[in-house]
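Inspection log for the structure reproduced underneath, given as structure tokens.
Read-outs: derived from the displayed coordinates by stated rules, not from any lab. Quick caveat: nothing in here was measured; it's all calculated off a predicted structure. Note that each Cβ is placed from the backbone with ideal geometry, even for glycine, and that neighbours are counted across all protein chains shown.
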Ligand SMILES: [Zn+2]
């Protein structure tokens, strides 16, 4: 094979590898951002569950205070019951006592409901906490891997670029320019394999004589359709 053609193929490999690493590394901050958002959502779920528990406890304490007040009133009524003189007063006092007892009962039912709600919310909070811990571990590990990938990719790119510069020095300036010109309009791909009588990049059929010439890999031949430099890598 023509040594310049071989160098160009190598140059193309280096360029593609550099672009691949760059593109992958560029995606990573976005991925890390997504992980951070997932964690933030989990933290908020937990925080909301805790706030609900606090709210429920506040209401429960309020109801307990009300029950206490009602009980004091009840015992006052009961002692007053001994002091009433008429039957009418007695009946009225009994009625008050019954009412107060019913009120206490209703409030105690509410307290029970609150306590059950608190139990349920505490269960949810425990689950949310468990989920958060799991996610934190998982994401910490993934984030670590991504971050180390980025730093590895960066040093790898530096090495590849060094190789690239060295290689470029071994190729004639004219050919390097041609390579760059094609690459800049062909999405970074200046070379294409010729196989089965056609250009593997644009898939145009190559003339038999042209394909025969390419097969020798002796000269720099470009595709008449996409302009890429063609090489033959075997059947
Ligand atoms: Zn082509």
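List of remarks:
- Separation of the residue 78 and residue 34 label points, Cα + 7 Å toward Cβ, nm: 6.7
- Taking 7 Å steps out from each Cα toward its Cβ at residue 185 and residue 86 produces label points 11.4 nm apart.
- Build a GNM of the chain with springs between Cα atoms under 10 Å apart, and of 187, 87, 99 the one that fluctuates most is 87.
- Selected from 39, 81, 21 as most flexible by GNM, with the chain as the system and alpha-carbon contacts under 10 Å: 81
- Out of every Cα-Cα pair that the stretch 145-218 contains, those further apart than 19 angstrom amount to 59 percent.
- Compared with the dominant Cα axis of the chain, that is its longest principal axis, helix 3-81 is turned about 0°.
- Separation of alpha-carbon centers, the stretch 170-230 and the stretch 119-144, rounded to whole Å: 56
- Computed over Cα pairs, the Kirkwood radius of the chain leads via Stokes-Einstein (1.567 mPa s, 4 °C) to a diffusion coefficient of 50 µm² per second.
- Full-extension gain in nm, residue 54 to residue 96, via 0.36 nm per residue minus C-alpha separation: 11.7 nm
- Sorted by Cβ neighbour density within 10 Å, fewest at the top, the residues 20, 193: 20, 193
- The peptide list 217-229, 166-178, 118-130, put in order of mean Cβ contacts within 10 Å with the highest first, becomes 217-229, 118-130, 166-178.
- Which of 50, 37 has the fewest Cβ neighbours within 10 Å, and the rest in rising order: 37, 50
- Theoretical ellipticity at 222 nm over the chain - DSSP helices of four or more residues, -39500 (n - 2.57) apiece, nearest 500: -29000 deg cm²/dmol
- Gyration tensor over the Cα atoms of the stretch 178-231: the corresponding equivalent ellipsoid has semi-axes (square roots of 5 times the eigenvalues, largest first) of 18, 12, 8 Å.
- Folded to 0 to 90 degrees: helix 87-169 orientation relative to the chain principal axis, Cα: 10
- Considering only 91, 22, 161, the Gaussian network model of the chain with Cα springs below 10 Å gives its largest mean-square fluctuation to 91.
- Computed E for residue 68/residue 129 - FRET, C-beta separation, R0 30 angstrom, nearest 0.05: 0.35
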